[in-house]
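> Below is a structure I'd like to ask you about.
The values are calculated or read from the model by the stated rules, or taken from the named source; none is laboratory data. This one's a predicted model, so the numbers in the text were calculated from it and none came from an experiment. No Cβ is skipped: glycine too gets one built from the backbone with ideal geometry, and neighbour counts run over all protein chains shown. Remember, those area values only see protein heavy atoms, side chains included, never the ligands or the DNA or RNA. Shrake-Rupley method; radii C 1.70, N 1.55, O 1.52, S 1.80 Å.
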Amino acid sequence: MASRVNTSFTLIPNQKYRRSNRRSSYFSNTFDSDSQPLSTLGNFKALPVEIFQIILKYLSVKDISMLSMVSKTVSQHIINYISTSSGSKRLLLQDFHDPELPDREDITILDHYKSLGLLFKRCTLLLPTKDRLKYIHKILADVSCFKFNGCASPLQCVGLLCYGIFLQTLTAGWDELECHRVYNFLCELTNLSRKMQTAVCSKPGSARKLELRIRLFCRNVLLDHWIHRSDSAFWLTCILKPWPMVNQARLLYILFGPISPQDGQVIWQKMIEEPTDESCLKGLADAIKLLYDTDTKEWTADDVISLVDELSVVPREWLLENNARLLILSGNNICFTFMASKAVNGRTVELARLIVFLALVCEKELYCMDWAVKMMQRVCKVFSTPVERNNFLQSVANAFACAIMEMLQSVMSEDGDDDDRSFMNLFHLVQAQASFHKEVLYLTMNVLSS
């Protein structure tokens, strides 16, 4: 039996809109759409824009940065404030030759631009990368010290340093594709690639001011602010990789080679005229380790070793002592890989002479001589036959004898201060040979006793 439906309740018919209902609904929707962006301003919606901008003047850059995250509308108002003459004058400080802010002794101008980078990062969050960069360039265009050739006294100016900290804060967390766009944008803006080409294709030292500008811009803006080594390696790769190996070595020397303390210009003859110290080579060694240790896919071990080999003849062949010092500062892995490459390629005589100067540097710098002996022992294992190993060891002994004779002739042919330096080099070399052979004897006796 079919069940009966209970129809005892009253059905309410659909309400038809009258003209008055339709009108009220229209005005209600209009009001909601108009008030929606205003509601995101919170209590600021009752204030004129001019008053809102006056309030911003009393906030620190960090506070404005926090406020910009309240809503898209608030962020847009802050962007409009930055674009005003009063806003840009207040935010874009240009006391780059007096890095301590006059009104706040505990805040430097570097801290200010770090906070400003975070403000721009948050305000432009919803824009595509290309539009973000265009807007930021438009705002910063009037800051002359941010330009490649903008400052007349770049060595006394922290403008590029501030620009670098600003960009580092802005781009922190961006993926590699976006960072490549940043680098390409800067290259187009400054014509950096063309300037680099001029520097690396000219005779070393013939464009000293350009070399100095390239060094300051790349170091201060792109390389020196990063906390993580992988970030520094990324930007250094952007600078070096577009160029052939010989130009990469020239660029690396321009960026990290020794400079004059008076005018900051690159000293090209430093490595070929006299033995240098650790301070002159540390920057180059750190850059080489950066490329080798961070496992970036753009750099293989062979690439780095080839770069070191090319660097050792910039602008001409270095003194072997300087080459040995660079390898020691670059670390065990790079040093061994470099020497093993020579062993594999049959360059035994070069390798033996390098062993001699590794021992000399260890003697001069009071490094442990057993390190040099153990490095030679590792290299011996690269040779495939006992005959090759014996020939290599004989070459090391001959190299010590030849180096001592060369230095002795140098002492006998010179006078004055040069004679004193040559004599001290000879003294250290003889000491190095004695210490080296002593460690070899220790190693041999330990093997026999075990």
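> At ASN398 and ALA172, where each label point lies 7 Å from the Cα along Cα→Cβ, what is the point-to-point distance in nanometres?
5.8 nm
> Counting only the heavy atoms of the protein chains, how much of ASP286 is accessible to a 1.4 Å probe, in Å² to the nearest 10?
About 60 Å², rounded to the nearest 10.
> Same structure, new question: Where a Cα-Cα gap under 16 Å defines reach, which lysines qualify for LYS374, not counting those fewer than 8 residues away within the same chain?
By straight Cα distance, LYS374 reaches LYS438.
> For percent of Cα pairs over 35 Å apart, one of (1) 51; (2) 35; (3) 42 was computed from the structure I shared and the rest are decoys. Which label?
(1)
> State the percentage of accessible surface on region 351-449 attributable to carbon and sulfur atoms; use a 1.4 Å probe and exclude ligands, DNA and RNA.
On the way: 3330 of 5690 Å².
Carbon and sulfur together cover 59 percent of it.
> So between ASN80 and ALA141, what do we pick up on full extension, going 0.36 nm a residue minus the alpha carbon distance? Present the calculation step by step, with values, prior to reporting the outcome.
Working: separation 61, 0.36 × 61 = 21.96 nm, distance 1.65 nm.
Gain on extension, ASN80 to ALA141, equals 20.3 nm.
> While we're on this one: What is the set of long-range amide H partners of ILE259 at a cut-off below 5 Å, with H atoms built 1.01 Å from backbone N?
The answer is ILE267.
> With a 1.4 Å probe and every protein chain left in place, work out the accessible area per residue of the chain in Å², rounded to a whole number.
On the way: 25130 Å² over 450 residues.
On a per-residue basis, the chain sits at 56 Å².
> Now for a separate question. Quick one: grab Rg to one decimal and Dmax as a whole number for region 105-174, Cα atoms only, in Å.
When restricted to the Cα atoms of region 105-174, Rg and Dmax are 12.7, 38 Å.
> Work out from phi, with θ = phi - 60° and the Karplus expression 6.51 cos²θ - 1.76 cosθ + 1.60, the ³J(HN,Hα) of each residue of region 277-288, listed in order in whole Hz, and give x for Gly and Pro.
10, 4, 4, 6, 10, 4, x, 5, 4, 5, 5, 5
> Provide the three semi-axes, in whole Å and in decreasing order, of the ellipsoid equivalent to region 351-449 as defined by the square roots of 5 times the Cα gyration tensor eigenvalues.
Values: eigenvalues 155, 46, 20 Å².
Equivalent-ellipsoid dimensions as semi-axes: 28, 15, 10 Å.
> Here's something else I'd like to know. Of the options PHE427, PHE392, VAL382, report the single residue whose Cα projects farthest towards the positive end of the charge dipole of region 351-449 (beta-carbon charges: Lys, Arg +1; Asp, Glu -1).
VAL382
> Nearest 10 degrees is fine. How inclined is helix 245-256 to the longest principal axis of the chain, computing both from alpha carbons?
Compared with the principal axis, the helix lies near 80 degrees.
> Still on this model: Given DSSP loops and a limit of at most 15 other Cβ atoms within 10 Å, what is the longest stretch of the chain that contains no such chymotrypsin sites (Phe, Trp or Tyr not before Pro)?
Numbers: sites that count: PHE9, TYR17, TYR58, TRP174, TYR367.
Longest stretch, sites excluded: 175-366.
> A further question on this structure: For region 385-450, run through the GluC sites (Glu not before Pro) and keep only the ones in DSSP coil with at most 13 other Cβ atoms within 10 Å of their Cβ. Spell out each step's value before the answer.
On the way: sites: GLU388, GLU406, GLU414, GLU439; in loops: GLU414.
Counting only loop positions with at most 13 other Cβ atoms within 10 Å, none of the GluC sites (Glu not before Pro) in region 385-450 qualifies.
> Could you pull the accessible area for SER85 with a 1.4 Å probe, rounded to 10 Å²?
Rounded to the nearest 10, the figure is 100 Å².
> For VAL344 and SER230, compute 0.36 nm times the residue count separating them, minus their Cα-Cα distance, and round to one decimal in nm. Could you put the intermediate results ahead of the total?
Details: separation 114, 0.36 × 114 = 41.04 nm, distance 3.08 nm.
That works out to 38.0 nm of additional length.
> Distance between Cα centroids, region 281-322 to region 248-268: provide it in whole Å.
15 Å
> If each DSSP helix of 4+ residues adds -39,500 (n - 2.57) and the sum is divided by the residues in the chain, what number results at 222 nm, nearest 500 deg cm²/dmol? It would help to have the intermediate numbers written out before the result.
On the way: 22 runs with 302 residues, N = 450.
So the calculated ellipticity at 222 nm is -21500 deg cm²/dmol.
> With a ≥ b ≥ c the root eigenvalues of the C-alpha gyration tensor of region 137-217, is it rounded (a/c under 1.5), prolate (a/b larger than b/c) or oblate? Can you show the working numbers first?
Values: a/c = 2.14, a/b = 1.36, b/c = 1.57.
Judged from the Cα gyration tensor, region 137-217 comes out oblate (a/c at least 1.5, b/c at or above a/b).
> Restricting attention to region 285-353, which trypsin sites (Lys or Arg not before Pro) occupy a DSSP loop and are surrounded by at most 12 other Cβ atoms within 10 Å? Mind showing how you got there, number by number?
Numbers: sites: LYS289, LYS297, ARG316, ARG325, LYS342, ARG347, ARG353; in loops: LYS297, ARG316, ARG347.
For trypsin sites (Lys or Arg not before Pro) across region 285-353 that sit outside H, G, I, E and B with at most 12 neighbouring Cβ atoms in 10 Å, the list reads LYS297, ARG316.
> For region 312-403, what does the alpha-carbon gyration tensor say about shape, rounded, prolate or oblate, given a ≥ b ≥ c as the root eigenvalues, a/c under 1.5 as rounded, and a/b over b/c as prolate?
Details: a/c = 1.43, a/b = 1.32, b/c = 1.09.
Because its axes are fairly even, with a/c under 1.5, region 312-403 counts as rounded.
> Here's a follow-up. Restricting to DSSP loop positions (anything but H, G, I, E, B) with no more than 12 other Cβ atoms inside 10 Å of their own Cβ, which trypsin sites (Lys or Arg not before Pro) remain in region 364-425?
Here the trypsin sites (Lys or Arg not before Pro) that fit, given the DSSP loop and packing criteria, are LYS381.
> Taking the Cα centre as origin and putting +1 on Lys and Arg beta-carbons and -1 on Asp and Glu beta-carbons, what dipole magnitude results for the chain, to the nearest 20 debye?
About 3460 debye.
> Ignoring ligands, DNA and RNA, how do VAL200, VAL382 rank by accessible area with a 1.4 Å probe, largest first? Don't skip to the answer; put the middle values down first.
Values: VAL200 5, VAL382 50 Å².
Largest to smallest exposure gives the sequence VAL382, VAL200.
> Mind jotting down the distance between the C-alpha centroids of region 381-450 and region 142-208, whole Å?
One Cα centre to the other: 46 Å.
> For LYS72 and ALA301 in one chain, what is 0.36 nm times their gap in residues minus the Cα-Cα distance, to one decimal in nm?
Working: separation 229, 0.36 × 229 = 82.44 nm, distance 4.81 nm.
Once the chain is fully extended between LYS72 and ALA301, it gains 77.6 nm.
> Which of VAL61, VAL49, VAL373 moves the most in a Gaussian network model of the chain with Cα springs under 10 Å?
Maximum fluctuation in the GNM of the chain, among the listed residues, is at VAL49.
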